[in-house]
Amino acid sequence: MDIVVLSGKGGTGKTTVATNLSVVMDYSYIDCDVEEPNGYIFLKPQALKEEEVFLLNPVFNAACTKCGKCVKACEYNAIVTVLDKIMLFEELCHGCGTCKLVCPMDAITEVERVIGHISYNDTFAMGLLKIKEPMGGPIISAVKRIKRKNRIIDAPPGTSCSVVKSVEDADYAVLVTEPTTFGLHDLKKAVELVVQMEIPFGVIINRYEVVSLMDHYLKTENIEIIGKIPFSKEAAVLYSKGHMLIEAPSYLKVFEELADTVKRRLNESRSG
Amino acid sequence: MKIVLSSHGNHKDELVDVKFGRCKCFAVYEDDSFSYVENTGRDSNQGAGVGAAQVVLDLKPDVLLTERLGPKAFKVLNESEIKILKCHGMSLEEAVTRFQNHELDVIEKAYR
C-alpha cells in the first residue's frame, strides 16, 4: 500500500504529516522531495545504505560527421553543431537515448553521469539531487524502486512532473493544506492533479484555528476533511527542534485518529 | 556580408527582439534586402537559446545583431566565427545602418 502526501503549496506541513503518520501507522517513509529532503531530520534514520543515481549522456566518437540528425531529433535542445564541433549541454540532456538511435554513423556511445544518490534502510528512503542538477525525475524513480510492504511517500511541493512521478501508482493521497489564500489556491491545483490521476484522496488542514474559506471550499466541492492539525506554539517549538509532533500526547491523538481514517479509506478503496 | 537579427516580425520596421532564444523570428540581411526565417527554438520546452543558436549557426551569417544572449546560447555562438553585436530598442533597418556605421558594441559576455 502506498499513501502519497502532497500539498500544492510548499511549507504547509507535508513532511510533518508524512513523518508522524509513518510512525503511527508503522509504514516506511519515502522522501521524494529530492531537491530538499528533510524527513530525515525528524525520523533520524540509522545505518543508511547509499546508491548513486546515473543519467546516460551521449559521447560522440571520431565516426561523427556532424550531420546534425541527432541535433534535430533531440527534444531537449541538448546538442548543437558549431563549425566542425559537436557540443552537448549535459544539464539539458534527459538521457532518453534518441540521439543514439538516429545516428547513421553509430558514432554515439552512452556514459553514466552521477546526478544524485539515494539512501535507505528497512523503514526509510530518501533521494538527493546534486546541486546544480536540474532534473529530479530519475532520482524519484530510483527512490520509489525501494519497495516496502507499506509506504508513505512524501512528495515535493507544487504540481509539476516530479510531483506526478511521486503520486503515480499511489493507493491513496493525503493533501495537506493551510487555511490561507495561497494554501487554497495551490490546494485546488493539487486536487485537480489527483482527480485527473484517479487517486482517492482526503484533505488535512494544518494550523487549524477557526472555520475559514478553506472549510467553505472543501464543503462546496464535497471533499472530505480527514483531519485538522491545531495551530499551536507547542507544535512550532517541537518542529523547530527537529522533534516529532507525536511526542506531545495531544498531537499523538490527532495522528492516531488520522491514521484510523486513512486506513478506513484505504480499505474502502481496495474493496470498492 | 550576411547579417542575422533576432526580430519581432517579418518587416524591416520591426524592432530587434530583446529575447534571443524565444524571439519571434530571425531576419536575414543580405545584398541590401531582408528575408525572414522561423525560429524553431521558440516553442521548445527547454533549451530555447540553444535551439535558436543552432538556427543562427545553420544560416552561416558573418554577424548577429541582438540585445543579449543567455549563457548557453553565448557559449555556443562564441565557439563560432560569427561576430555578435548589441543593439537596444531599434528597428531592423536602423540596427543594420548603425552596424554599417560601426556604432554597435560587441557582446562580450552572457546576460544573466
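Any idea what the alpha-carbon Rg over 2.2 N^0.38 Å comes to for the stretch A:64-201? Please list the in-between numbers first.
On the way: Rg = 19.5 Å, N = 138, 2.2 N^0.38 = 14.3 Å.
Output field value: 1.36.
Pairs of Cα atoms in chain A fall into 5 Å distance bins, from 0 up to the last occupied one, in shares of 1, 6, 12, 15, 15, 13, 11, 8, 6, 5, 4, 3, 1, 0 percent. Taking every full run of DSSP H in chain B, the ones that stretch at least 15 Å from end to end by Cα along their long axis and average 1.0 or higher on the Kyte-Doolittle scale are B:48-59.
Suppose only helical runs count, i.e. DSSP H with n ≥ 4. What mean residue ellipticity at 222 nm does that imply for chain B under -39500 (n - 2.57) per run, divided by all residues and rounded to the nearest 500 deg cm²/dmol? Provide the component values of the computation, followed by the final result.
On the way: 3 runs with 29 residues, N = 112.
Result for chain B: -7500 deg cm²/dmol, rounded to the nearest 500.
So what is the orientation-averaged projected area of the stretch A:120-167, using the convex hull of its C-alpha atoms, in nm²? Intermediate results must be reported in sequence, preceding the final value.
Numbers: hull surface 14.3 nm².
So the Cα hull casts an average projection of 3.6 nm².
Mean partner shielding of peptide B:76-82, defined as the number of other chain Cβ atoms within 10 Å of each residue Cβ, is 3.
Note the direction-averaged projected area, equal to a quarter of the hull surface, for the Cα convex hull of the stretch A:183-266, in nm².
Details: hull surface 25.1 nm².
Directional mean of the projected Cα hull area for the stretch A:183-266 stands at 6.3 nm².
Here the Debye sum runs over all C-alpha atoms of the stretch A:233-272 as equal scatterers in vacuum, and log10 of I(q)/I(0) at q = 0.28, 0.36 Å⁻¹ comes out as -0.84, -1.06. Dividing the Cα radius of gyration of the stretch B:8-112 by its Kirkwood radius returns 0.92 for Rg/Rh. When a 1.4 Å probe is rolled over the protein heavy atoms, the share of accessible surface on the stretch A:84-148 that falls to carbon and sulfur comes to 55 percent. Put simply, the Cα atoms of the stretch A:6-70 extend 60, 32, 17 Å along their principal axes, the longest span coming first.
Quick one: grab the alpha carbon gyration tensor of the stretch B:1-61, order the square roots of its eigenvalues as a ≥ b ≥ c, and give me rounded if a/c is under 1.5, else prolate or oblate depending on whether a/b is larger than b/c. Because a/c hits 1.5 or more and a/b fails to exceed b/c, the stretch B:1-61 counts as oblate. Put simply, the Cα atoms of the stretch A:65-119 extend 42, 20, 18 Å along their principal axes, the longest span coming first. Summarising the overall dimensions of the stretch A:119-272 from its C-alpha atoms, the Rg and Dmax are 16.5, 45 angstrom.
Counting every pair of alpha carbons in the stretch A:204-243, the share spaced more than 11 Å apart comes to 68 percent.
Starting from the residue with the highest accessible area, list B:S44, A:S160 in decreasing order, probe 1.4 Å. Kindly include the intermediate steps, with their values, before the conclusion.
On the way: B:S44 20, A:S160 60 Å².
Ranking B:S44, A:S160 by accessible area, largest first, yields A:S160, B:S44.
Over the stretch A:40-140, the ratio between the Cα radius of gyration and 2.2 N^0.38 Å evaluates to 1.37. The residues neighbouring A:A107, those whose beta-carbon lies less than 11 Å from its own, together hold a net charge of +2 under the Lys/Arg +1, Asp/Glu -1 convention.
For the protein assembly as shown, A:C32, A:C64, A:C67, A:C74, A:C93, A:C96, A:C103, A:C161, B:C23, B:C25, B:C87 stand unpaired, since no other cysteine beta carbon lies under 4.7 Å from theirs. For the stretch A:148-213, the calculated P(r), taken from all Cα-Cα distances in 10 Å bins from zero up to the bin holding the longest distance, is 19, 53, 24, 4 percent. Spin-label pair A:K241-A:K188: with each label point 7 Å from Cα along the Cα-Cβ axis, the two points sit 4.0 nm from one another.
For the peptide A:74-85, the mean number of other protein chain Cβ atoms found within 10 angstrom of a residue's Cβ is 6.
What does the structure give for B:41-48 when I average, per residue, the other chain Cβ atoms found within 10 Å of the residue Cβ? Shielding by partners across B:41-48 averages 4. Counting only protein heavy atoms and a 1.4 Å probe, the stretch A:1-147 has 46 square angstrom of accessible area per residue.
The values are calculated or read from the model by the stated rules, or taken from the named source; none is laboratory data. What you are looking at is a predicted structure, and each value in this text was computed from that prediction instead of being measured. Here Cβ is always computed from backbone atoms with ideal geometry, including for glycine, and neighbour counts include all displayed protein chains. Heads up: the accessible areas ignore ligands, DNA and RNA and are worked out on the full protein's heavy atoms, side chains in. Shrake-Rupley method; radii C 1.70, N 1.55, O 1.52, S 1.80 Å.
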